[in-house]
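First up is the structure itself, then whatever we jot down about it.
The values are calculated or read from the model by the stated rules, or taken from the named source; none is laboratory data. These numbers come from a predicted model, not from an experiment. Cβ placement follows ideal geometry from the backbone for every residue including glycine, while neighbour counts extend to all protein chains displayed.
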Amino acid sequence: MSLSLLDDELRSLVNRFTREFEVEEELKDALVALARRIIKASGDAVVAIHRGSEEEASRLIEEASRLVEEALIKAEERPEYLHLGPLPQAFKEYVEAQVLLALWRCTRLPKPEELRVPSKPYVYGLAEVVGEVRRLMMEAIRRDRLEEAEEWFKVLEFLYRALRELEVYRGVLPEIKGRVDQVRRVVEASRGDLALISQRHRLRLELKRLEERLRSLG
């Protein structure tokens with residue numbers, strides 16, 4: 001092979017790789033931007049739920065859904081990006097918002113295929129929603145809604161039980177052990193908080209009954 005031919009072939013290869021890599025970089029940049037927007041819309045939806053603004057939460061989750069759909073379309077030719085890069089984190093935040101809204105509305109949980117997200121970020125999204133459920137439980141306690149707080153604690157226990165069963169699949173869910181440990185600590189702390197407030201609630205009832213009895217005797 002002549003040197004001039006070698007030079008031509010290398011130039012041709014470089015031009016080819018340049019076009020390929022430019023397209024890939026553009027795709028990655030677009031997915032990063034979409035992931036950020038998904039995370040923001042999902043996070044804002046969670047905040048809206050805690051404020052009790054169902055309409056705003058629904059609107060934000062619909063926005064996140066459109067962004068997820070756009071990301072899925074862009075990643076069709078490179079499906080590995082559904083599991084690598086910025087999208088898994090965005091999917092996790094999206095699942096957290098969707099699941100929290102379903103729990104808040106007392107409706108069935110959306111399935112991964114309905115949200116069009118892979119199973120792994122869905123599982124991690126379930127783990128993330130535990131912290132938000134605890135916040136709802138503590139808000140119910142603050143408002144002296146003991147029965148509501150107890151219901152949220154049951155949700156925490158159900159989530160922990162489900163996630164604990166998946167802990168054995170550490171080979172495909174490398175973060176699951178740490179997540180389950182975090183969930184367990186949240187459940188234990190919540191159990192203590194609920195027990196304390198239940199004792200205080202019973203004490204207030206007993207004092208109220210005693211006061212009424214003394215008033216009737218007086």
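Things worth noting here:
- Criterion applied to E69, E157 was being surrounded by fewer than 19 Cβ atoms within 10 Å (Cβ to Cβ), out of contact with any Lys or Arg (no Cβ under 6 Å at 6 or more places or on another chain) and either more than 30 Å from R191 (Cβ to Cβ) or at pLDDT below 95 (or both), and the one residue passing it is E69.
- Where helices (runs of 4 or more DSSP H) fall entirely within the range 1-109, those with at least 3 residues that are among the acidic types (D, E) are at 3-51, 54-74.
- Screening R78, R11 for residues that are more than 19 Å from L126 (Cα to Cα), touching a residue at least 24 places away in the same chain (Cβ under 8 Å) and not assigned by TED's automatic domain parsing to the domain that holds R134 leaves exactly one candidate, R78.
- Residue list for the range 97-142, filter: within 21 Å of L173 (Cα to Cα) and touching a His at 6+ places or on another chain (Cβ under 8 Å): P118, K120
- When S53 is tested against (1) touching a Lys or Arg at 6+ places or on another chain (Cβ under 6 Å); (2) surrounded by fewer than 22 Cβ atoms within 10 Å (Cβ to Cβ), only condition (1) is not met.
- Count - residues of the range 143-163 that are in a helix (DSSP H, G or I), of a type outside the set (A, V, I, L, M, F, W, C) and in contact with a helix residue (DSSP H, G or I) (Cβ under 9 Å, 6 or more places away or on another chain): 6
- Of all residues in the range 113-135 being part of a helix (DSSP H, G or I) and surrounded by fewer than 17 Cβ atoms within 10 Å (Cβ to Cβ), the one that is nearest to the chain's Cα centre (by Cα): G131
- Within the range 97-112, residues that are in the same structural domain as E62 (by TED's automatic domain parsing) and surrounded by 21 or more Cβ atoms within 10 Å (Cβ to Cβ) sit with their Cβ atoms under 6 Å from residues that are of a type outside the set (A, V, I, L, M, F, W, C) and modelled with pLDDT of 95 or more, at 6+ positions apart or across chains, in these pairs: A97/S42; Q98/P110; L100/E132.
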